[in-house]
Amino acid sequence: MRRGVTIRFEGIGKRFGRRVVMRGIAGQARPGSILVLTGPNGSGKSTLLQILAGLIRPTRGEVRYLDGDGEVPREEWRHRIGMAAPALALYEELTAMENLEFCARVRGLEVDGDRLRNGLVAVGLDPDRPTVVGGFSTGMQQRLKLAQAVLHDPDVLLLDEPGANLDPDGQDWLAEFVRGMAEEGRTVVVATNDRDEMTWGTDRVALPG
């Protein structure tokens, strides 16, 4: 049975040098729900997502990760989240299967060929395609990033502009994919300005410009 994770954040502020990116941001993401982070460009959506992932620390405020056992230990946190974002790079000289295999090894997962193949099929990619990722469309690369994000079956899924570069059919598929992740009991957080993606959310936090 999946141990759901609740993310609570309060009074979050972030400063880079003299530049204040955000201040006083609060919210909660719950298991089985989709929290949508909205706001104009430059409002700090991507920065907040990185703070929730534990990749950077807030200048002010607190983020708490909770499950049925109480606080999730810091050292356990990164193993329970998956993240897909434009800034996360792929190895363009490798195929999709090779990229996913590398991701599995980095995460310390057993390299299971069937698991990798199923992971690619689940996001609409052909595991037998010999083309290196550098020859993929940006939409196909986005699908591969999603496959990497969920490869280890995380309890939390953090998505930054997940529909970027997907065609209309791809966006329809993505909506079902993300909703399915939440229906399985995951906690999903999406940073977006896309009006359709905003409708996914059961909860919303709007960052001021």
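At a glance:
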{"read-out": "Karplus-derived HN-Hα couplings along region 104-115 (A = 6.51, B = -1.76, C = 1.60, θ = phi - 60°), whole Hz, x at Gly and Pro", "value": "4, 5, 4, 7, x, 8, 5, 7, 10, x, 5, 5"}
{"read-out": "Loop GluC sites (Glu not before Pro), region 37-109, which have at most 13 other Cβ atoms in a 10 Å radius of their Cβ (DSSP)", "value": "GLU92, GLU93"}
{"read-out": "For region 116-126, 3J(HN,Hα) per residue [Karplus equation, 6.51 cos²θ - 1.76 cosθ + 1.60, θ = phi - 60°, Hz, x = Gly/Pro]", "value": "5, 4, 4, x, 6, 4, 4, 9, x, 10, 7"}
{"read-out": "Distant-in-sequence amide H partners of ALA191 (H built 1.01 Å from N, under 5 Å)", "value": "LEU37, LEU159, ASP160, GLU161"}
{"read-out": "GNM flexibility winner over the chain from THR187, THR199, THR95 (Cα, springs under 10 Å)", "value": "THR199"}
{"read-out": "Derived scalar couplings ³J(HN,Hα) [region 14-20; Karplus, 6.51 cos²θ - 1.76 cosθ + 1.60; whole Hz; x for Gly, Pro]", "value": "9, 10, 10, x, 8, 8, 8"}
{"read-out": "Region 152-209 versus region 33-110: alpha-carbon centroid distance in Å", "value": "14 Å"}
{"read-out": "Simple spin-label estimate for GLU10 and ASP114 in nanometres, 7 Å along Cα-Cβ", "value": "4.7 nm"}
{"read-out": "nm² value of the averaged projected area, convex hull over the Cα atoms of the chain", "value": "11.8 nm²"}
{"read-out": "Gaussian network model of the chain, springs between alpha carbon atoms under 10 Å - residue of VAL133, VAL36, VAL121 with greatest fluctuation", "value": "VAL121"}
{"read-out": "Formal net charge of residues neighbouring ALA84 (Cβ-Cβ distance under 10 Å; K, R +1; D, E -1)", "value": "0"}
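Coordinate-derived values only; no laboratory data. Computed from a predicted structure; not experimentally measured. Heads up, the Cβs are rebuilt from the backbone with ideal geometry, glycines too, and the neighbour counts pull from every protein chain shown.
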